[in-house]
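Please read the structure below before turning to the comments.
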Amino acid sequence: IPDIIEKYKTIIDGSLADDFGADRTAIHFFVPADDIRNEDYNLSFNLYQEIVYEEVKYDSPKDIINGNDKRKGIRKLDQEREQLMKDLEGLLK
């Protein structure tokens, strides 16, 4: 909220006049009154917010199972887990 108050004060002072409502991908932004009037005074945040979607890239199923240069696969992790379980059981005897 302090950031919102500070931004509001800079707009009132006129120092953000060019930036008024420019970045609608931000956490908060100002919407010009004309835009609100054009939407029949609908104040739904999602109506004015611009959503930017980022493509998520996943490893192939083969790489998830067998691993790749970046990370171990499920098989290797399972082998390590099994060895650690054997070591732990040996300590408990």
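Where a number appears in this text, it was derived from the coordinates with a stated rule and is not lab data. The structure displayed is predicted, hence computed values, not measured ones. Ideal geometry is used to build each Cβ from the backbone, glycine not excepted, and the neighbour counts take in all protein chains shown.
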Reported label for calculated mean projected area of the Cα convex hull in nm² given [x] 7.4; [y] 12.9; [z] 6.4: [y]
R0 of 35 Å, Cβ-Cβ distance Met85-Asp59: FRET efficiency to nearest 0.05: 0.85
Less than 13 Å Cβ to Cβ from Ile27, Lys/Arg counted +1 and Asp/Glu -1: what total charge do the surrounding residues give? -1
Compute the signed sum of charges (Lys and Arg +1, Asp and Glu -1) over the other residues within less than 15 Å, Cβ to Cβ, of Gly73. +1
The residues Leu84, Leu92, sorted from fewest to most surrounding Cβ atoms within 10 Å, come out as Leu92, Leu84
Taking the alpha-carbon distance from Lys93 and a cut-off under 19 Å, which aspartates and glutamates remain once sequence neighbours fewer than 8 residues away in the same chain are dropped? Glu82
Neighbours of Tyr58 by Cβ distance under 14 Å: Lys/Arg at +1, Asp/Glu at -1, summed charge 0
Quick check for the stretch 1-83: number of Lys pairs with alpha-carbon distance under 22 Å, counting only pairs 8 or more apart or on different chains? 5
Listed residues Ile1, Ser44, Asn66: farthest to the positive end of the dipole of the chain (Cβ charges): Asn66
